[in-house]
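Student: Below: one structure in structure tokens.
The values are calculated or read from the model by the stated rules, or taken from the named source; none is laboratory data. Treat the numbers as computed from the prediction; the structure is a model and nothing was measured. When we count neighbours, we look across all protein chains shown, and the Cβ atoms used for this are built from the backbone with ideal geometry, even at glycine. To get the accessible areas, we keep the full protein, side chains included, count just its heavy atoms, and leave off ligands, DNA and RNA. Shrake-Rupley method; radii C 1.70, N 1.55, O 1.52, S 1.80 Å.
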Amino acid sequence: MDLKEQNWKNFTANHLRDWHGIWTRYSPEGEIIESFQSLRSLRSNPEQTEIYQTNRSIYADGRIEEYKWQFNKQDKVLPDGMVHPAFLSMRSFFFEQGAATWSAKQLEPGSVFVPAELFFKHEDIRHSVAIVYDSNGSLMRVVSIREDAAGFPSNYWSKEINLLPERNLSGNWQGTSVTMTPDLQVSEPIATQLQWPLAGNKMFFFPDGISLSCPEQVNIGNNFTIAANWLVTDSQLQQLSVNYDNDGAFSGLTLELLHL
């Protein structure tokens, strides 16, 4: 199986579900901008060559916003990742385990920049964290999206939306690490230990075991890393890191599966 075919298979095997969730957007200072109920429905034809996506946002005042996309494997599956249905400059990279990212290929000065929506998955539960920078490269907002394929409300996610002041991730976390490059090559697993926090980055501690580490400012000429992790259980941790090089180009996605 070629690499782009494997990327597509990893997507269809893990993400073709009705994902019921809660989105919460935060300011760089950690204040809640808004929070609302959501549904991201991803269906396919029997051959899994056509995808039908519906994103629905349900607000507390009764408003409902809905967006629909239809896309096919032939047009969207490329050697540098799967093309986002709404943002053609973004690509998606999917690990066999289910973890993934939507990432911009390139930081373009003067444009809003979304370096990542990082996805974690475990059984019927999915969580993602998105990061958005303004046209000057300053952090504009971060987003926590908790989703459950079993329905809404979730038996797993809490209703809490306020950030936590801290999260204790001390201990001898060990496991394996794999990295996917922009051409979809996946490295052999190597032994690793938890590296946290990332020096110089700002920290956000979301409810339900999710933490984020990201720069407050991104610019061409300075490479940077954004990382998030999910404390799935007290002894099980998933971590994703997306890297951009000095030229502002996406240079890789790393998945670490760690345990105590």
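Student: GLN97 passes all but one of (1) open to solvent by 10 Å² or more (accessible area, probe 1.4 Å); (2) polar (S, T, N, Q); (3) in a strand (DSSP E or B); (4) touching a Lys or Arg at 6+ places or on another chain (Cβ under 9 Å); which number fails?
Tutor: Unmet condition: (3).
One line per residue, one yes/no per condition, for (1) under 25 Å from LEU16 (Cα atoms); (2) assigned to a loop (DSSP other than H, G, I, E, B); (3) in contact with a strand residue (DSSP E or B) (Cβ under 6 Å, 6 or more places away or on another chain):
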{"position": "GLU117", "(1), (2), (3)": "yes, no, yes"}
{"position": "ASN162", "(1), (2), (3)": "no, yes, no"}
{"position": "ARG167", "(1), (2), (3)": "no, yes, yes"}
{"position": "GLU188", "(1), (2), (3)": "no, yes, no"}
{"position": "GLY200", "(1), (2), (3)": "no, yes, no"}
{"position": "THR225", "(1), (2), (3)": "no, no, yes"}
{"position": "ALA228", "(1), (2), (3)": "yes, no, yes"}
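Student: A further question on this structure: Does region 102-124 include one or more residues that are open to solvent by less than 20 Å² (accessible area, probe 1.4 Å) and polar (S, T, N, Q)?
Tutor: yes
Student: So, in region 127-163, of the ones that are modelled with pLDDT under 95 and among the aromatic types (Phe, Trp, Tyr), which residue ends up farthest from the chain's Cα centre (by Cα)?
Tutor: PHE152
Student: Among residues belonging to region 1-55 that are among the basic types (Lys, Arg) and farther than 24 Å from ASP134 by Cα, point out the one that is surrounded by the most Cβ atoms within 10 Å (Cβ to Cβ). Don't jump to the end; show me each part of the working.
Tutor: Applying the first criterion (among the basic types (Lys, Arg)) to region 1-55 yields 4, 9, 17, 25, 40, 43.
Still in the list and also farther than 24 Å from ASP134 by Cα: 4, 9, 17, 40, 43.
Details: LYS4: 18, LYS9: 14, ARG17: 17, ARG40: 21, ARG43: 12.
Here the answer is ARG40.
Student: If you go through region 75-94 one residue at a time, how many are assigned to a strand (DSSP E or B) and touching an Asp or Glu at 6+ places or on another chain (Cβ under 7 Å)? Before the answer, list the steps.
Tutor: Kept after step one, since they are assigned to a strand (DSSP E or B), are these residues of region 75-94: 77-78, 81-83, 90-94.
If we keep only those that are touching an Asp or Glu at 6+ places or on another chain (Cβ under 7 Å) as well, we get 91.
Of the residues in region 75-94, 1 are assigned to a strand (DSSP E or B) and touching an Asp or Glu at 6+ places or on another chain (Cβ under 7 Å).
Student: Let me ask another. Restricting to region 227-241, and then to whatever is small (Gly, Ala, Ser) and open to solvent by less than 10 Å² (accessible area, probe 1.4 Å), can you tell me which residue is farthest from ASN168 (Cα to Cα)? Talk me through it step by step, then tell me what you get.
Tutor: Restricting attention to region 227-241, the residues satisfying the condition of being small (Gly, Ala, Ser) are 227-228, 235, 241.
Narrowing the set further to residues that are open to solvent by less than 10 Å² (accessible area, probe 1.4 Å) leaves 227-228.
On the way: ALA227: 16, ALA228: 14 Å.
Within region 227-241, the match that is farthest from ASN168 (Cα to Cα) is ALA227.
Student: While we're here: Can you pull out every residue in region 173-186 that is of a type in the set (Val, Ile, Thr), open to solvent by 40 Å² or more (accessible area, probe 1.4 Å) and either modelled with pLDDT under 95 or not in a loop (DSSP other than H, G, I, E, B) (or both)?
Tutor: Listed by number, the residues that qualify are THR176, THR179, VAL186.
Student: Can you confirm whether LEU139 is of a type in the set (A, V, I, L, M), surrounded by 13 or more Cβ atoms within 10 Å (Cβ to Cβ) and in a loop (DSSP other than H, G, I, E, B)? Explain how you work it out, then say what you get.
Tutor: Details: of a type in the set (A, V, I, L, M): yes; surrounded by 13 or more Cβ atoms within 10 Å (Cβ to Cβ): yes; in a loop (DSSP other than H, G, I, E, B): no.
Answer is no for this residue.
Student: Give just the number: which of (1) over 20 Å from LYS121 (Cα atoms); (2) modelled with pLDDT of 95 or more does MET1 not satisfy?
Tutor: (2)
Student: Against the condition open to solvent by less than 70 Å² (accessible area, probe 1.4 Å), out of contact with any Ser or Thr (no Cβ under 9 Å at 6 or more places or on another chain) and over 24 Å from VAL242 (Cβ atoms), how does SER170 come out, does it pass? Don't jump to the end; show me each part of the working.
Tutor: Working: open to solvent by less than 70 Å² (accessible area, probe 1.4 Å): no; out of contact with any Ser or Thr (no Cβ under 9 Å at 6 or more places or on another chain): yes; over 24 Å from VAL242 (Cβ atoms): yes.
Criteria not met by SER170.
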